[in-house]
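*Asks:* Mind having a look at this structure? Questions to follow.
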Amino acid sequence: MSSISPRNYQIGVCFTCQLCMYCGLDLTLNNCNCDKSIKPTKKNRTKEVANFRNLTYKPAIVHEKIKNTLSNSNQKYGYKLDIELLYNCTLCSAFIPSSPTDGTSLPSTPLQMEFKLRMSIKQNKQVLPFVIISFTLDNPNFINFRDKLESYICEQVGLVYRNEYTLAYKSHSESGAGTLLGNEEAFDEFLKDYQSIVAGNKKVVIIVILRELSKKRSHENEVSEQESNDESENEAYQNTKSKKQLKKHIKKCIPKEATLNENEALVGSR
Ligand SMILES: [Zn+2]
Ligand SMILES: [Zn+2]
């Protein structure tokens, strides 16, 4: 077996097996004339290679098995890439976890992830019973995760907009209020925690705290509380002001008749 010569990684080639994503040739020991600097897209597919995967490799959240596989390929083909940095690469269909053709099977990966969750909705200090939800997301991120959850929340309590609730998560056995899940960074942490909680055979609980609609005041942060205080003060001020000015106002209204249009003036005079 001849040794594999080191090379730079090219986006048009499978990172893990050196399959050309255009002619389907294994470039481990061969070469082809395709332009492998072109990123594979759905529009430039050939009949030799119909499927591909773009992977945005995030070292912080990537599944350990993928990281190991990529790290091995990095050494095998001499790409000399720093595996701790974020980058994009292409994978052939053999790498797709659902496909059994790849010897290194990957049961759960960030490319596609199945979530099984208990959802707990808190509304007006009441806690509704847990709802069991499960769904699968391609390339999970905070936005598509929240959108999916939102559809379940709406099923339970009616139409709710994303500024009307706060999300948090915790393990079912854990006490306390859980960890706030409000942005992409928190979601990356959530993915890691989700996997370790599930690995420990425990349930992951998503807590949905609906803002109280009866009172507009939010307890979420001081800024909005400050604002609503200001609002109510303003209202109070407006009220006393308007009472004092009520008489003036009525007087002021009377001459307004002069500004009525003809028809209204006629109606008024009858
Ligand atoms: Zn491949
Ligand atoms: Zn080729």
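The values are calculated or read from the model by the stated rules, or taken from the named source; none is laboratory data. All figures in this text were calculated on a predicted structure; none of them were measured in a lab. Don't worry about glycine lacking a Cβ; one is built from the backbone with ideal geometry, like all the others, and counts go over all protein chains shown.
*Asks:* When Thr90 is evaluated against the numbered criteria (1) of a type in the set (Ser, Thr, Tyr); (2) modelled with pLDDT of 90 or more; (3) touching a helix residue (DSSP H, G or I) at 6+ places or on another chain (Cβ under 9 Å); (4) within 11 Å of ligand 1 (Cβ to nearest atom), which criterion, by number, is the only one it fails?
*Replies:* Single failed check for Thr90: (3).
*Asks:* Quick one: is Asp82 away from ligand 2 (no atom under 13 Å from the Cβ) and assigned to a loop (DSSP other than H, G, I, E, B)? Talk me through it step by step, then tell me what you get.
*Replies:* Numbers: away from ligand 2 (no atom under 13 Å from the Cβ): yes; assigned to a loop (DSSP other than H, G, I, E, B): yes.
It is true that Asp82 is away from ligand 2 (no atom under 13 Å from the Cβ) and assigned to a loop (DSSP other than H, G, I, E, B).
*Asks:* Now for a different question. Here are the criteria: (1) part of a loop (DSSP other than H, G, I, E, B); (2) within 12 Å of ligand 1 (Cβ to nearest atom). Tell me which single one Thr69 does not satisfy.
*Replies:* If we test Thr69 against (1) part of a loop (DSSP other than H, G, I, E, B); (2) within 12 Å of ligand 1 (Cβ to nearest atom), just (1) comes out false.
*Asks:* Pull up the stretch 189-233, narrow it to residues that are modelled with pLDDT of 50 or more, charged (D, E, K, R) and not in a helix (DSSP H, G or I), then point me to the one that is surrounded by the most Cβ atoms within 10 Å (Cβ to Cβ).
*Replies:* Arg211
*Asks:* Just to check your reading of the model, which residue among Leu128, Leu181 is aliphatic (A, V, I, L, M) and surrounded by fewer than 18 Cβ atoms within 10 Å (Cβ to Cβ)?
*Replies:* After ruling out the rest, the residue left standing is Leu128.
*Asks:* Can you tell me how many residues within the stretch 27-54 are charged (D, E, K, R), more than 17 Å from Leu81 (Cβ to Cβ) and either in a loop (DSSP other than H, G, I, E, B) or at pLDDT 95 or above (or both)?
*Replies:* 4
*Asks:* Can you pull out the residues in the stretch 16-25 that are within 7 Å of ligand 1 (Cβ to nearest atom) and surrounded by 20 or more Cβ atoms within 10 Å (Cβ to Cβ)?
*Replies:* Selection gives Thr16, Leu19.
*Asks:* I've got another one for you. Mind counting the residues in the stretch 1-26 that are assigned to a loop (DSSP other than H, G, I, E, B) and either charged (D, E, K, R) or within 11 Å of ligand 2 (Cβ to nearest atom) (or both)?
*Replies:* 9
*Asks:* Answer yes or no as to whether Thr28 is within 12 Å of ligand 1 (Cβ to nearest atom), among the polar types (S, T, N, Q) and in contact (Cβ under 8 Å) with a residue 60 or more places away in the chain. Talk me through it step by step, then tell me what you get.
*Replies:* On the way: within 12 Å of ligand 1 (Cβ to nearest atom): yes; among the polar types (S, T, N, Q): yes; in contact (Cβ under 8 Å) with a residue 60 or more places away in the chain: no.
No: the conditions fail for Thr28.
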